[in-house]
1. Take the range A:50-65 and flag every residue that is more than 13 Å from A:VAL114 (Cα to Cα) and under 35 Å from the mean Cα position of the chain (by Cα).
2. Tell me, which residue of the range A:415-441 that is of a type in the set (A, V, I, L, M, F, W, C) and touching a Lys or Arg at 6+ places or on another chain (Cβ under 6 Å) is modelled with the lowest pLDDT?
3. Going by the structure shown, is A:ARG398 more than 29 Å from A:ASP435 (Cα to Cα), basic (Lys, Arg) and surrounded by fewer than 23 Cβ atoms within 10 Å (Cβ to Cβ)?
4. Among the residues of the range A:264-291 satisfying the criterion of being assigned to a loop (DSSP other than H, G, I, E, B) and touching a residue at least 12 places away in the same chain (Cβ under 8 Å), which is surrounded by the fewest Cβ atoms within 10 Å (Cβ to Cβ)?
5. Take the residues of the range A:452-482 that are more than 9 Å from RNA strand B (Cβ to nearest atom) and not in a helix (DSSP H, G or I): which is surrounded by the fewest Cβ atoms within 10 Å (Cβ to Cβ)?
6. Tell me, which residue of the range A:370-382 that is in contact (Cβ under 8 Å) with a residue 12 or more places away in the chain and more than 14 Å from RNA strand B (Cβ to nearest atom) is surrounded by the most Cβ atoms within 10 Å (Cβ to Cβ)?
7. State the number of residues belonging to the range A:245-264 that are of a type outside the set (D, E, K, R), in contact with a Ser or Thr (Cβ under 9 Å, 6 or more places away or on another chain) and closer than 26 Å to A:THR388 by Cα.
8. Looking for whichever is closer than 17 Å to A:GLY95 by Cα, in a strand (DSSP E or B) and at pLDDT below 95 here; the options are A:ARG50, A:ARG54. Which one fits?
Amino acid sequence: MGFRIEKLRVLRENGQDPYQITTARQTHHAAEIVADFERLENETVSVAGRLLARRGMGKVSFADLLDRSGTIQVFSRLNNLGDDSYAAWQNLDIGDLVEVTGEVFRTKMGEISVRNMEWRLLAKSLRPLPEKFHGLRDTDTRYRKRYLDLIVNPEVRETFIKRSRIISFMREELERRQYLEVETPLLNTIPGGAAARPFVTHHNALDLDLYLRIAPELYLKRLIVGGLERVYEIGRNFRNEGMSNRHNPEFTMLELYEAYGDYHSMMELTEALISGACMEINGTYEIAYQGTSLSLAPPWRRMTMVEAVREYVGIDFDLIETDEEAREAARARGLEDVPARMTWGEALSECFEEFAEQHLIQPTFILDYPIEVSPLAKIKQGTNGRLTERFEIFIYGREHGNAYSELNDPFDQARRFDDQKRRREAGDEEANLPDYDFIEALEVGMPPTGGLGIGIDRVVMLLTDQPSIRDVLLFPTMKPLGE
RNA sequence: GCACCAUUAGCUCAGUUGGCAGAGCAACUGACUCUUAAUCAGUGGGUCCGGGGUUCGAAUCCCCGAUGGUGUACCA
């Protein structure tokens, strides 16, 4: 680093402080020059970017210049630049940001290059970059210093470009379907719409504790009451829970609501969004995730939770009448934690999560969740009030989304909130909090509505074959390093 | 939260039974007018994650701590 600072000092003394430069010429990008070589050959272009590798041959040298599209080779020759300019070029360091102008041509070895006829140092790099060949491997450094990761690991840049394209695709698809993009509060007085522990913060002027939202659901449904009919929000949710390769404390959800839809229309939309995004970035529905072949071609398999438990767990909850029988069956199958008050629905849900989820590798909609775990979903008729019109999306054994026919009966919603309140008082810190203003909104009248939430980070992991959620978040949550 | 593993030069990694701290790339000096992990010759570079202990002697063994990874618990 010392040598580089000294070089900068000399430049400044000679009135060539690169940090004073305010504009640069960049007529083309690296990938464009390679792709359009036939048309650009012998044309003069200006490229700008970071010097990555250099191969000096004495009076001739080669360098790789990285811009947002990729790398292009720069060919520099003493004859073209003159003594001073060539010497200064040779004095550059890997990592320096430069602008180069010259003709596009192909070298003797066939490499498409820019002939350096004129160049400027745009900014000095004072710290050495990680090694070009092995790249930066250490996950700690990669996540904490993502700028280095992006410079030296090209596939990382590709992943985040794909993430952006996936989200753009979903916006476009919802736009086509005449959805309105909205924004609702991140600072909540009642953290609702999900079962999760919130982060707490404080508003000084109001002397009021506020919660970072755990889901936008209750706000978005108020907008359905307000007549916007089709709304969506792509934004951050915050949940104060454990971290893993699938969980980050802040994560991105797509939530949407469609008046006059139900959970069946949400299935079709789910396929359009996820399969469509897959086709958009991969050009196929057939992908591999961590070595496992997956087919995202719609329509996806649909099965009820009762069917899934029957098939993968070997218990037929349709044949079980009482809570006691359900507990007995679950215990007999090996479910470990079976409290004495466990209900039929809880036993079904626990058996599913414990023994069935892991088998759902190919995309599968699991339908009809027990009412106890679905306080915001409409009752499915013909199930004695035990089940709701709800589904979750499982791919590679992981949940990727959740949808309901939204509960719009204010009396029923009030009873469900009361039930959640009892669970909370019984020690369940993650039970939903009652939101009486939301019930008032339902009293004004909410049309039958389908709602859907998709975990964007997990979809990006899936479609870009990344093993950890931290690989699809530019700045995943990290513990600070001690002093 | 618990368990296991990792942490050595700017980066990627070796380091045997406890006995002089190593390599490649990067850097520095020089040679080289079509290279592409350029090549060739030479040089410098260390808080072995931090703290404590055992020992004549610790990168190596023990204890405590930090950060990361994996698994697990928790988790719409």
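The values are calculated or read from the model by the stated rules, or taken from the named source; none is laboratory data. Note that the structure is a prediction, hence the values are computed from the model and not measured. FYI the Cβ positions are ideal-geometry reconstructions off the backbone, even for glycines, and counts take in every protein chain you see.
1. Answer for the range A:50-65, where residues must be more than 13 Å from A:VAL114 (Cα to Cα) and under 35 Å from the mean Cα position of the chain (by Cα): A:ARG50, A:LEU51, A:LEU52, A:ALA53.
2. Restricting attention to the range A:415-441, the residues satisfying the condition of being of a type in the set (A, V, I, L, M, F, W, C) are A:417, A:426, A:431, A:433, A:438-439, A:441.
Next, only the ones that are touching a Lys or Arg at 6+ places or on another chain (Cβ under 6 Å) stay: A:431, A:441.
Working: A:ALA431: 87, A:ALA441: 98.
This residue is A:ALA431.
3. Details: more than 29 Å from A:ASP435 (Cα to Cα): yes; basic (Lys, Arg): yes; surrounded by fewer than 23 Cβ atoms within 10 Å (Cβ to Cβ): yes.
So A:ARG398 fits the description; yes.
4. A:GLN290
5. A:PHE475
6. A:LYS380
7. 6
8. A:ARG54
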